[in-house]
């Protein structure tokens, strides 16, 4: 995946946007320069953060109107939610107790490269047993509401801002959304009493179902926007195993990388959920679900569906 970036010269194309003179703070809202004083530390701002924002805007501003960033964000909500839920379980391993760390790694190290590690930790740290012992039914009302508040304030609002404003500085601010989710969740729990014994399951159930519908809806919208052109849909959602020629347009090269990134990350998540099966029939049912639902409603939706079954939502 990363080898393709260098072999196809995509890295050189990205860095070319970050070799211009550093823009001043007055240029933050113009969206005309990617090399901004994001942190004030030259070695971090370029090529690091600058390259990251270029990577996103190449697709967001593509004349071909390639909407994969929007698709990734919407259908990525399931893995964000499940990661946060895992971190909220009572007695969770220290390695999984801070979901912001895991989610930040998906932002800066890529979803496809880092999320498989988190999935491996689910298996080897005893998270499977804790999921069975401390189900979402054990969350109280405040904990359930904090999940909703964190996802809404920390995830949905920054994402909408990124697409509405469509400028590099807001795109950079969005990259830190896992921190906002965590802060919003903790602030809510500080304000709202957690001592009440009212179950938070109904709230969590609504959140799970909403996330499932969001992912499914985005996938269906994407298929519809491609006019049911099967070849076009496949090229949009699934990566090619062939190395793209350096002369390929930069937006198509970025799409190639992100489709690998997306599919590798979710493939690992789907495989990890198989460990929650309690017998061979569960495994058969889960694999059958993946095979049937993925083409129809997308990989993120297929993953969310199994997670809902695991947590007793359906």
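Please treat every number below as a calculation from the coordinates, not as lab data. Remember, predicted model here, so these are calculated numbers, not experimental data. Note that we place each Cβ from the backbone using ideal geometry, even for glycine, and neighbour counts take in every protein chain shown.
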**Request:** Name the one entry in 158, 239 that is surrounded by 13 or more Cβ atoms within 10 Å (Cβ to Cβ), assigned to a loop (DSSP other than H, G, I, E, B) and either without any contact (Cβ under 8 Å) to a residue 12 or more places away in the chain or out of contact with any strand residue (DSSP E or B) (no Cβ under 8 Å at 6 or more places or on another chain) (or both).
**Result:** 239
**Fill in**
Exception for residue 166 within (1) in contact (Cβ under 8 Å) with a residue 40 or more places away in the chain; (2) at negative phi falls at (2)
**Item:** Scope the stretch 103-149; condition free of Cβ contacts under 8 Å to residues at least 24 places away in the same chain and under 13 Å from residue 178 (Cα atoms); matching residues
**Value:** 105
**Selection count, the stretch 106-120, where residues are surrounded by 15 or more Cβ atoms within 10 Å (Cβ to Cβ) and either in contact with a helix residue (DSSP H, G or I) (Cβ under 7 Å, 6 or more places away or on another chain) or not in a helix (DSSP H, G or I) (or both)** = 10
**Complete:** Only one of (1) outside any helix (DSSP H, G or I); (2) under 18 Å from residue 272 (Cβ atoms); (3) without any contact (Cβ under 8 Å) to a residue 24 or more places away in the chain does not apply to residue 94, and that is (2)
**Prompt:** For the stretch 270-289, how many residues meet the condition of being in contact (Cβ under 8 Å) with a residue 24 or more places away in the chain, in contact with a helix residue (DSSP H, G or I) (Cβ under 6 Å, 6 or more places away or on another chain) and over 30 Å from residue 57 (Cα atoms)?
**Reply:** 4
**Item:** Count of residues meeting criterion [touching a helix residue (DSSP H, G or I) at 6+ places or on another chain (Cβ under 7 Å), under 19 Å from residue 237 (Cα atoms) and either without any contact (Cβ under 8 Å) to a residue 24 or more places away in the chain or not in a helix (DSSP H, G or I) (or both)] in the stretch 290-313
**Value:** 4
**Item:** Residue within the stretch 183-192 that is touching a residue at least 24 places away in the same chain (Cβ under 8 Å), closer than 29 Å to residue 290 by Cβ, touching a helix residue (DSSP H, G or I) at 6+ places or on another chain (Cβ under 7 Å) and not in a loop (DSSP other than H, G, I, E, B) present
**Value:** no
**Message:** Filter the stretch 153-177 down to the residues that are in contact with a helix residue (DSSP H, G or I) (Cβ under 8 Å, 6 or more places away or on another chain) and within 23 Å of residue 203 (Cα to Cα) and list them by number.
**Reply:** 153, 154, 155, 158, 159, 177
**Fill in**
Among 207, 255, the single one that is under 28 Å from residue 152 (Cβ atoms) and either touching a helix residue (DSSP H, G or I) at 6+ places or on another chain (Cβ under 9 Å) or not in a helix (DSSP H, G or I) (or both) is 207
**Counted residues, the stretch 65-83 - those being farther than 16 Å from residue 158 by Cα and either without any contact (Cβ under 8 Å) to a residue 60 or more places away in the chain or not in a helix (DSSP H, G or I) (or both)** = 4
**Request:** Run residue 267 past the list (1) over 24 Å from residue 6 (Cβ atoms); (2) free of Cβ contacts under 8 Å to residues at least 60 places away in the same chain; (3) under 16 Å from the mean Cα position of the chain (by Cα) and report the number of the one that doesn't hold.
**Result:** (1)
**All positions within the stretch 32-59 that are assigned to a loop (DSSP other than H, G, I, E, B), under 24 Å from the mean Cα position of the chain (by Cα) and crowded, with 16+ Cβ neighbours inside 10 Å** = 34, 38
**Request:** Could you tell me whether the stretch 274-286 includes any residue that is closer than 20 Å to residue 5 by Cβ and in a helix (DSSP H, G or I)?
**Result:** no
